[in-house]
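Worksheet for the structure shown next.
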2 protein chains.
Amino acid sequence: MQKAARKSEPASNPPGRPREFDMDTALDGAIRVFCERGYHATSIGELTAAMRLATGSVYKAFRDKHAVFLAAFERYVEVRQEQTRSAAARGANGRERLRHVLLSYVEHSQGSEGRRGCIVVGSAVELSAVDPVMRARVTAQLKTNETFMASLIREGQVDGSIPGHVDADDTARLMICMTQGLRVVGKARLPLDGDRLVGIAMKLLD
Amino acid sequence: MQKAARKSEPASNPPGRPREFDMDTALDGAIRVFCERGYHATSIGELTAAMRLATGSVYKAFRDKHAVFLAAFERYVEVRQEQTRSAAARGANGRERLRHVLLSYVEHSQGSEGRRGCIVVGSAVELSAVDPVMRARVTAQLKTNETFMASLIREGQVDGSIPGHVDADDTARLMICMTQGLRVVGKARLPLDGDRLVGIAMKLLD
DNA sequence: TTGATTAGGAAACAATCATTCCCTAATATC
DNA sequence: GATATTAGGGAATGATTGTTTCCTAATCAA
């Protein structure tokens, strides 16, 4: 990936910058179309339309289509991570924090965002078999999420909201499966009732 | 889809059949490559190689690539359904039948088959947003599996192996999420311990 | 054996793809 | 104001795609 102008670093811009341009906004467009259609089904035309950039501009900022996808993946993961952390922060103890994280996952798996899909799930399914780079990113992200959930379980065991006999690692891995599955089912447009599903899932912490 | 010669109906073959040829065997090859690479990333060349058929032969048996995919999807679903039913049959009561079903899912999500992936999950993620036909097949299959699991729960409630306060429909939907997520995580090559994961998942039936 | 019929194979086809190239327009420095 | 520099745009370019077409070889009916 090459360096690209960001709003966060406007001073260091070289001369000859035509007008305002935000890479993150462009990447958000790329995320939208990559999530919805996947990597291979997204043509450069659709990509440039979604990014509101011309073909040449995209190839001036990125080496190739794969580099755009990687950048979109990284931004997606960054944004989602922040959303998940802030969902966890809404809980008063470990158990409640985990409950809010699961609820957040269900919400994001529903409606227009759910229909659009998750780029991590998409990469796992579409690319992990043939693209070692993306597979490494996917497994890293899954492990990060898993570690985060395991840490919430351990917090709950310390604050007494989750019994000590619960295996943090195995339960976290099962919950990762649940959350990734939610994105699959959500993309297939099956309705998901957050309160009911999460209410049942919380049995795993008994 | 057009009619194609099957081993199960050899008598009705018109004259001029060069040598033995089994559509199901060819479709198994198509399933292999479609599961691993997905729909768009699979070229006709890779498809014909996997099916051990020439280009013209494939287009003589199917209208287009999409029809091959649909046929492969249908056969995949048929085979997997049979495997799941026979896994369920290994249990003595509803709870044990469900446990064997979940165990079967974990096993199939691991190793070489896990790395290859599930064509239902692949279709949900890659096609359901842009292909109404495949989306309908995916949702139908998810609902079939969900109904099957819900029926196992109800059997367990009748035979006393599962408490009556368990909500069969909601629990089944959550388990569908788990199983589909298993395929995602398995494709990303994270190791899955069947006994431990299923042991935890069975808490949902308490 | 002969004729009708069809699967299998490979080359030819048009369309679409990702990518490259060049031009224009707009700034910052001098 | 003049010049150098660069982001943005769009047409041109190979490569690759899915599909069609034609030919060959093999089989069954007569």
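Of note:
- Breaking point among (1) open to solvent by 10 Å² or more (accessible area, probe 1.4 Å); (2) assigned to a helix (DSSP H, G or I), for residue B:73: (1)
- Single residue of segment B:49-87 satisfying the filter (more than 19 Å from the chain's Cα centre (by Cα) and more than 8 Å from DNA strand D (Cβ to nearest atom)) that is nearest to the other protein chains (Cβ to nearest Cβ): B:49
- Failed item in (1) open to solvent by 10 Å² or more (accessible area, probe 1.4 Å); (2) without any contact (Cβ under 8 Å) to a residue 40 or more places away in the chain, with residue A:154 passing the rest: (2)
- Subset of segment A:157-172 [within 8 Å of chain B (Cβ to nearest Cβ) and either charged (D, E, K, R) or open to solvent by 10 Å² or more (accessible area, probe 1.4 Å) (or both)]: A:167, A:170
- Residue within segment B:98-108 that is facing chain A (nearest Cβ under 10 Å), touching a residue at least 60 places away in the same chain (Cβ under 8 Å) and under 17 Å from residue A:126 (Cα atoms) present: no
- Close Cβ contacts (under 7 Å, 6 or more residues apart or on different chains) running from residues in segment B:194-206 that are more than 7 Å from chain A (Cβ to nearest Cβ) to residues that are open to solvent by 40 Å² or more (accessible area, probe 1.4 Å) and in a helix (DSSP H, G or I) comprise B:194/B:107; B:198/B:99; B:202/B:99; B:205/B:95.
- Failed condition for residue B:102, given (1) under 16 Å from residue A:177 (Cβ atoms); (2) touching a Phe, Trp or Tyr at 6+ places or on another chain (Cβ under 8 Å); (3) not aromatic (Phe, Trp, Tyr): (2)
- The single condition among (1) in a helix (DSSP H, G or I); (2) more than 9 Å from DNA strand D (Cβ to nearest atom); (3) at pLDDT below 90 that residue A:33 does not satisfy is (3).
- Just one residue in the set A:114, A:94 is within 14 Å of chain B (Cβ to nearest Cβ) and more than 16 Å from DNA strand D (Cβ to nearest atom); that residue is A:114.
- Residue satisfying all of: in segment A:121-144; aliphatic (A, V, I, L, M) and in contact (Cβ under 8 Å) with a residue 60 or more places away in the chain; nearest to the other protein chains (Cβ to nearest Cβ) among these: A:121
- Qualifying residue in segment A:173-183 (condition: more than 7 Å from chain B (Cβ to nearest Cβ), touching a Phe, Trp or Tyr at 6+ places or on another chain (Cβ under 9 Å) and open to solvent by 20 Å² or more (accessible area, probe 1.4 Å)): no
The values are calculated or read from the model by the stated rules, or taken from the named source; none is laboratory data. Bear in mind that the values here come from a model prediction, so they are computed numbers and not experimental data. Glycine also receives a Cβ, built like all others from the backbone with ideal geometry; neighbour counts cover every protein chain displayed. We work out accessible area using only protein heavy atoms, side chains counted, and drop any ligands, DNA or RNA first. Shrake-Rupley method; radii C 1.70, N 1.55, O 1.52, S 1.80 Å.
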